[in-house]
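Chemist: Got a structure here, written out as structure tokens. Questions coming.
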Amino acid sequence: MIGAAGRDLPPGVTVHRHEATRRAAHALLEAGAEADLVVVGSVHRSGRTGLHLGPVSHALLHHAPCPVAVVPAD
């Protein structure tokens, strides 16, 4: 799901949506081979402060073949 932020993209930015049947990290790493940028969200968990990465964000930041942007959820 792209959400509200995906509807306000500047001209020239293309968003590709694909249904993945495998683990999210593997699918996103594979997609990153053809991407200029992979954008993923980070969920804030109650009782914690700051940005805490889940396993998918962590794997992408360490292994993606392209830049990765981790965006905190509202």
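Chemist: Expected output is a single nm value to one decimal: the length gained when fully extending between HIS63 and VAL43, i.e. 0.36 nm times separation in residues minus the C-alpha distance. What is it?
Modeler: Answer, rounded to one decimal: 5.2 nm.
Chemist: With θ set to phi - 60°, apply the Karplus curve 6.51 cos²θ - 1.76 cosθ + 1.60 along the stretch 21-35 and write out the HN-Hα couplings as whole Hz, x wherever there is a Gly or Pro.
Modeler: Taking θ as phi minus 60°, the curve returns 10, 10, 4, 4, 4, 5, 5, 6, 5, 5, 5, x, 5, 10, 9 Hz for the stretch 21-35.
Only the coordinates and a few stated rules stand behind these numbers; no lab work does. Just so it is clear, the structure is predicted and the values come from calculations on it, not from any experiment.
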